[in-house]
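The values are calculated or read from the model by the stated rules, or taken from the named source; none is laboratory data. Remember, it's a predicted structure, so these values are computed and weren't measured experimentally. So basically every Cβ, Gly included, is an ideal-geometry build from the backbone, and we count neighbours across all protein chains shown.
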Amino acid sequence: MSTQATHAQQAVVDKVIEIEILRYRPEQDEKPFPQGFEIPYHPDMSILEALQYIKDHLDSSVSFRWSCRMAICGSCGLMVNNIPKLGCKAFLRDYYPQKVTLEALANFPIERDLVVVMDDFIKKLEEIKPYIIPERDEKCLSEGTYQQTPEQMEKYAKFSMCINCGLCYSACPQYGLDKSFTGPAALALLARYNRDSRDAGSAERMKIVNQEQGVWSCTFVGYCSVVCPKGVDPAAAIQLLKVESSKDYLIGMFKPD
Amino acid sequence: MSKRKPYRREMNNDWWLKNIFYSKYMIREGSSIFITLYSLILAWGVFRLSQGEEAFNAWLSALQHPVSIVFHLLVLLIALYHTITWFSLAPKAVDLYIKGKPLDGKLIVAGHYITFTIVTIFCLIVIML
Amino acid sequence: MNVQPTTNALQEKKYIRSNEPVFWGLFGAGGMLTAFLTPVMVLVTGLLIPLGIIDADHLSYDKLHGFASSWYGAAIILVLVALPLWHTLHRIFHSLHDLGIKRGRDWQQVICYGFAFAVSVFVFTLLLQMLTQ
Ligand code: SF4
Ligand code: FES
């Protein structure tokens, strides 16, 4: 690696910013360790671009996920100064001249460097039956589409904006404390389908909601909604589901199934 | 052979000190300790009330102790903190739509504060009747 | 073994309904009451009356005893004194979990809600006593 070239480059640019990355290489490290880098600073540079600069010019072994670079694919989540962010949506200018520390998303196991194991999160998303369960599934194509008014769509639109980035799980201490909690994004997605006028699967999904590990692990910390890059507001979804679960509980008392 | 060896980070019991948002959450939850104590003082007052005039007056004069005054001042601040946090989260539990648009959260919060002011003034008037 | 996996394999998972709605309902009611009324209550009983800003006559034995001896007065006092406890002890119970105190969650629950229950019964009994005197 051409360290000299790097030095030469640094001499040209006047501003540098320090980036510290929590590294973890499973084949050789027992535990993660911080590694510092200095890169040229540009106000329009995102954290993701900073990582790409490091990978291209300083250390090609640094691992991280990304794809769209525009807050759509949800793959670039990481902790920036201990706060869950999308690397492509966070900018160096909001930290400069302070040092920026990067770490893999909290509450997830680290696969390597900034890459986490998402399996549990994906499992939870699948578990809540994230698809429309129509009242009768033999509706013929010739009968046309399922129609919906804008008002009916408004009831779930917000909860359907999730890009599965996992930032909310990283922000949720209840998930951190107990991994059996269904968690913010999955519950928001569940609310999204239960609130859809075309769906008739509420009863099935309420069984998940009603459990201790369903909505009842939530203590309304509310940080999930703060960190969500898409304005999904999982905390609100969970709160509304708590109300639904309570109604369901009352009904269940008189009509046990 | 797989070299996979996912690393699990421990969550320490002081996690809520590491982020100001979590700290505020813990203060919100911790407010309940002080409100519990206040409720116990009131429960004690009911007990003294049931014992007769002398006992009740002793309870009243105990409340005049400087320690009691300072304590109640603290409880007042903490109770107000609870009120603020409670109101600020209220919009999340509201599922109202007007002409197909969700009700603005700011309106809901404002509504809570207006009600709070009215209730407080009402109580102050009632007690002085 | 895999001959009829359809219904059973898919519905194998057991879902256990939590009783939390009961406690959450009380928590919410108590929290609402605390948010709207506790500040003014503390202000009156803890500060204005003891400091003499409001004359202590407004919270005199006769006045309060008369109030507590009516059924509606007794009900109001019970709610004002006891309901916040169902809110606060619910929070304390969950905070113990937040602080990583994992041992004996069942007992923690019994003690927390048991405490709220005990004080409620205590106040209820006193009020009943005054009501029937
Ligand atoms: S709810 Fe928001 S923070 Fe959570 S996974 Fe979806 S987009 Fe990310
Ligand atoms: S790279 Fe796709 S969300 Fe950031």
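Only one of (1) under 18 Å from A:Val117 (Cα atoms); (2) within 11 Å of ligand 2 (Cβ to nearest atom); (3) basic (Lys, Arg) is not met by A:Arg69, so which one is it?
(1)
When only residues in region A:204-214 that are surrounded by fewer than 23 Cβ atoms within 10 Å (Cβ to Cβ) and among the polar types (S, T, N, Q) count, which is nearest to ligand 2 (Cβ to nearest atom)?
A:Gln213
Would you pick out the residues in region A:215-234 that are at negative phi and either within 16 Å of ligand 2 (Cβ to nearest atom) or away from chain C (no Cβ under 14 Å) (or both)?
A:Cys224, A:Ser225, A:Val226, A:Val227, A:Cys228, A:Pro229, A:Lys230, A:Val232, A:Pro234
In region B:1-25, what count of residues is obtained for those that are of a type in the set (S, T, N, Q) and more than 10 Å from chain C (Cβ to nearest Cβ)? First the steps, then the outcome.
Kept after step one, since they are of a type in the set (S, T, N, Q), are these residues of region B:1-25: B:2, B:12-13, B:19, B:23.
After this cut, where a residue has to be more than 10 Å from chain C (Cβ to nearest Cβ) as well, the list is B:2, B:19, B:23.
Going through region B:1-25 one residue at a time, the tally reaches 3.
Considering only region A:72-79, I want to know if a residue exists there that is within 21 Å of B:Lys3 (Cβ to Cβ), within 14 Å of ligand 2 (Cβ to nearest atom) and not assigned by TED's automatic domain parsing to the domain that holds A:Asp178. Explain how you work it out, then say what you get.
Start the filter on region A:72-79 by keeping residues that are within 21 Å of B:Lys3 (Cβ to Cβ), which leaves none.
No, there is no match, as no residue in region A:72-79 is within 21 Å of B:Lys3 (Cβ to Cβ), within 14 Å of ligand 2 (Cβ to nearest atom) and not assigned by TED's automatic domain parsing to the domain that holds A:Asp178.
Can you pull out the residues in region A:145-192 that are more than 17 Å from the chain's Cα centre (by Cα), away from every other protein chain (no Cβ under 14 Å) and either buried (at least 23 other Cβ atoms within 10 Å of the Cβ) or among the basic types (Lys, Arg) (or both)?
Within region A:145-192, no residue meets the criteria.
Go through region C:99-121 and give me each residue that's buried (at least 17 other Cβ atoms within 10 Å of the Cβ) and at the interface with another protein chain (Cβ under 7 Å from one of its Cβ atoms).
C:Val119
Which count do you get for residues in region C:52-69 that are touching a helix residue (DSSP H, G or I) at 6+ places or on another chain (Cβ under 8 Å) and hydroxyl-bearing (Ser, Thr, Tyr)?
Adding up the residues that qualify gives 2.
Answer with yes or no whether B:Ala90 is touching a Ser or Thr at 6+ places or on another chain (Cβ under 6 Å), within 15 Å of C:Thr34 (Cα to Cα) and surrounded by 14 or more Cβ atoms within 10 Å (Cβ to Cβ).
no
Taking the criterion of being in contact with a helix residue (DSSP H, G or I) (Cβ under 6 Å, 6 or more places away or on another chain), more than 18 Å from B:Thr36 (Cα to Cα) and surrounded by fewer than 17 Cβ atoms within 10 Å (Cβ to Cβ), would at least one residue in region B:55-75 satisfy it?
Looking for residues that are in contact with a helix residue (DSSP H, G or I) (Cβ under 6 Å, 6 or more places away or on another chain), more than 18 Å from B:Thr36 (Cα to Cα) and surrounded by fewer than 17 Cβ atoms within 10 Å (Cβ to Cβ), one finds at least one in region B:55-75, hence yes.
Going through A:Lys242, A:Lys139 one at a time, which residue ends up being touching a helix residue (DSSP H, G or I) at 6+ places or on another chain (Cβ under 7 Å), more than 16 Å from ligand 1 (Cβ to nearest atom) and of a type in the set (D, E, K, R)?
Checking each option against the conditions leaves just A:Lys242.
For region C:48-133, give me every one of the helices (runs of 4 or more DSSP H) that falls completely inside it and has 2 or more residues that are at pLDDT 95 or above and touching a Phe, Trp or Tyr at 6+ places or on another chain (Cβ under 7 Å).
In region C:48-133, the matching helices (runs of 4 or more DSSP H) lie at C:71-98, C:105-132.
Spot the failing condition for A:Asn82; the list is (1) among the polar types (S, T, N, Q); (2) farther than 18 Å from A:Glu20 by Cβ; (3) more than 12 Å from ligand 1 (Cβ to nearest atom), and only one is missed.
(2)
Given the conditions (1) at pLDDT below 95; (2) closer than 23 Å to A:Ala90 by Cβ; (3) of a type outside the set (A, V, I, L, M, F, W, C), report the number of the one that A:Gln9 does not fulfil.
(2)
Which numbered condition in (1) touching a residue at least 12 places away in the same chain (Cβ under 8 Å); (2) closer than 22 Å to A:Phe220 by Cβ; (3) among the hydrophobic types (A, V, I, L, M, F, W, C) is the only one that A:Val100 fails?
Checking A:Val100 against (1) touching a residue at least 12 places away in the same chain (Cβ under 8 Å); (2) closer than 22 Å to A:Phe220 by Cβ; (3) among the hydrophobic types (A, V, I, L, M, F, W, C), the one that fails is (2).
Go through (1) at pLDDT 95 or above; (2) within 16 Å of ligand 1 (Cβ to nearest atom) for A:Lys158 and report which single condition fails.
(1)
Within region A:189-206, is there a residue that is within 16 Å of ligand 1 (Cβ to nearest atom), part of a loop (DSSP other than H, G, I, E, B) and in contact with a Lys or Arg (Cβ under 6 Å, 6 or more places away or on another chain)?
Scanning region A:189-206, I find at least one residue that is within 16 Å of ligand 1 (Cβ to nearest atom), part of a loop (DSSP other than H, G, I, E, B) and in contact with a Lys or Arg (Cβ under 6 Å, 6 or more places away or on another chain), so the answer is yes.
Limited to region B:25-50, what total is found for residues that are of a type in the set (Phe, Trp, Tyr) and surrounded by fewer than 17 Cβ atoms within 10 Å (Cβ to Cβ)?
Of the residues in that region, 2 qualify.
For region A:80-98, name all the residues that are within 12 Å of ligand 2 (Cβ to nearest atom) and either out of contact with any Cys (no Cβ under 6 Å at 6 or more places or on another chain) or of a type in the set (Val, Ile, Thr) (or both). Please lay out each step first, then the result.
Of region A:80-98, the ones within 12 Å of ligand 2 (Cβ to nearest atom) are A:85-90.
Selection gives A:Lys85, A:Lys89, A:Ala90.
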